[in-house]
Amino acid sequence: METVDYDLVIIGGGPAGLTAGLYAARARLNVIMIEKVAPGGQVLITDLIENYPGFPEGISGPDLTDRLVAQAKQFGLPIESEEVQSLDLTGPVKKVILADRIIKTHAIIIASGASPNTLNVGEERFKGKGLSYCATCDGPFFRDKDVVAVGGGDTAVQESIFLTKFARKVYLVHRRDQLRAAKILQERALSNEKIEFVWDSVVTGLDGFFGVDNVHVKNVKTGEVRTIKADGCFIWIGIVPNGDFIGETLKRDEWGFVITDAKMATSVPGVFAAGDVRDTPLRQIATAVGDAAIAAYSAEHYIENMKS
Ligand SMILES: Cc1cc2nc3c(=O)[nH]c(=O)nc-3n(C[C@H](O)[C@H](O)[C@H](O)COP(=O)(O)OP(=O)(O)OC[C@H]3O[C@@H](n4cnc5c(N)ncnc54)[C@H](O)[C@@H]3O)c2cc1C
């Protein structure tokens, strides 16, 4: 059998990767996690998590990250700070390609998560200058200012409510006439006097000199165009998978999310996926960690079979 560097490589250190790492390290697999930014993933930019079981008071994203990392490290999970560039999945030994070396492994768990969608209205120029995808990170800069938030799902509504702690007013622009968010979040947002809903509308552009000064909005039903004077614009309109490194070998859905079966196995034996990167009806911390436990368990069995 060709030699390998590790039994298992976990790509990504969000809740899915850290949970897979915890399970794999406890199973005494020869495992490594590769994370390109910092462990925590999207949780790091989340203010308050109210729906992760076991924390009735809620928990902040950074606090939950600290706990996940501590628990995985307690069982000896090595975490390396590198970006996976590509994968070679052609042989029984898989290759994980980094900038300066290639790691050979029996199995891989892809837990690279997802990133926020962009509006494609030239917002690149305003990133860090009034345009943001993270209320926790940037909300405090907008104390007593007016901001626009875009979206209608859980994240958009939860984060808009959070923004009202700082902002004077939050215009919540949504392309439909009702929200998709959980009912409890809808109730809170609809009764929040600082939030003004701009229904049936899309953002068509931003302008400003040093940063965002105006957000241009169009009503998709009437065609009416409106300019909202605002110092900030927060965008929460869904996500795209972090999957550029995956290549063409694995089956993916039309948006690029990795297709798995109930054991989190992908179309290539020995390659598993967990969390937001996979084709799943719900992208949350609870679902990511559940996926990851199954993926690690499946990977363990795959590796045992390889070796026997
Ligand atoms: C603002 C916001 C608020 C949210 N609020 C909640 C909430 O209240 N409750 C809830 O349950 N969920 C919430 N979510 C969703 C939740 O954060 C995600 O579902 C969860 O983080 C998914 O975990 P993951 O591990 O699959 O992916 P991610 O958290 O996206 O982590 C993926 C990791 O992989 C790394 N990575 C990517 N590509 C590579 C590569 N090539 N090489 C190495 N590393 C790589 C990334 O740097 C990242 O750290 C929120 C999300 C956001 C953005």
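Once neighbouring chains are kept in place and the probe is 1.4 Å, which whole percent of the accessible area of the chain is contributed by carbon and sulfur? That fraction is 51 percent.
Each residue of the range 227-234 is assigned a 3J(HN,Hα), and the resulting list reads 10, 9, 6, 8, 8, x, 9, 10 Hz, derived from the Karplus form 6.51 cos²θ - 1.76 cosθ + 1.60 (θ = phi - 60°), x at Gly and Pro.
The mean of 1/r over all distinct Cα pairs in the chain, once inverted, gives the Kirkwood hydrodynamic radius of 20.6 Å. Would you be so kind as to identify which of PRO56, VAL225, ILE45 lies farthest towards the positive end of the dipole of the chain, taking Lys and Arg as +1 and Asp and Glu as -1 on Cβ and the Cα centre as origin? Working it through, the farthest residue towards the positive pole turns out to be VAL225. Distance between the 7 Å Cα→Cβ label points at ASN305 and ILE259: 2.0 nm. Near THR46, the amide H atoms lying under 5 Å from its own belong to GLY61; only residues 5 or more places off or on other chains count, and H is placed 1.01 Å from N. Which entries in LYS221/LYS251; LYS73/LYS94; LYS73/LYS145; LYS183/LYS251; LYS36/LYS145; LYS95/LYS127 show an alpha-carbon gap greater than 30 Å? Result: LYS221/LYS251; LYS73/LYS145; LYS183/LYS251; LYS36/LYS145; LYS95/LYS127 exceed 30 Å. Distances between placed amide hydrogens fall under 5 Å for GLY205 paired with HIS216, all partners being 5 or more residues away or on another chain. Spin-label pair GLU196-ASP88: with each label point 7 Å from Cα along the Cα-Cβ axis, the two points sit 5.9 nm from one another.
Could you identify which residue out of ALA286, ALA273, ALA72 has the top mean-square fluctuation in a GNM of the chain using Cα springs shorter than 10 Å? It is ALA286.
The H on the amide N of ILE10, modeled in the peptide plane, is under 5 Å from the matching H of ILE32, MET33, ILE34, ILE109, each at least 5 residues off or on a different chain.
Helical content of the chain, expressed as a calculated mean residue ellipticity at 222 nm, amounts to -7000 deg cm²/dmol (DSSP H runs of 4 or more residues, -39,500 (n - 2.57) each, divided by residue number, nearest 500). For the chain, modelled as a GNM whose springs connect Cα atoms under 10 angstrom apart, the maximal fluctuation among LEU163, LEU98, LEU18 occurs at LEU98.
The mean accessible area for residues of the range 118-235, using a 1.4 Å probe and ignoring ligands and nucleic acids, is 51 Å² per residue. Here is the list for the range 140-198: GluC sites (Glu not before Pro) lying in DSSP coil, each with at most 15 other C-beta atoms within 10 angstrom of its C-beta, are GLU193. Return the whole-Å distance between the Cα centroid of the range 183-231 and the Cα centroid of the range 13-61. The distance from the Cα centre of the range 183-231 to that of the range 13-61 comes to 33 Å. DSSP bridge analysis restricted to the chain gives an antiparallel fraction near 45%, rounded to the nearest 5. Each residue of the range 32-44 is assigned a 3J(HN,Hα), and the resulting list reads 9, 10, 10, 10, 8, 10, 7, x, x, x, 5, 4, 4 Hz, derived from the Karplus form 6.51 cos²θ - 1.76 cosθ + 1.60 (θ = phi - 60°), x at Gly and Pro.
The values are calculated or read from the model by the stated rules, or taken from the named source; none is laboratory data. Since the structure is predicted, the reported quantities are computational estimates derived from the model, not experimental observations. FYI the Cβ positions are ideal-geometry reconstructions off the backbone, even for glycines, and counts take in every protein chain you see. These accessible areas exclude ligands, DNA and RNA; they are computed on the full protein's heavy atoms, side chains included. Shrake-Rupley method; radii C 1.70, N 1.55, O 1.52, S 1.80 Å.
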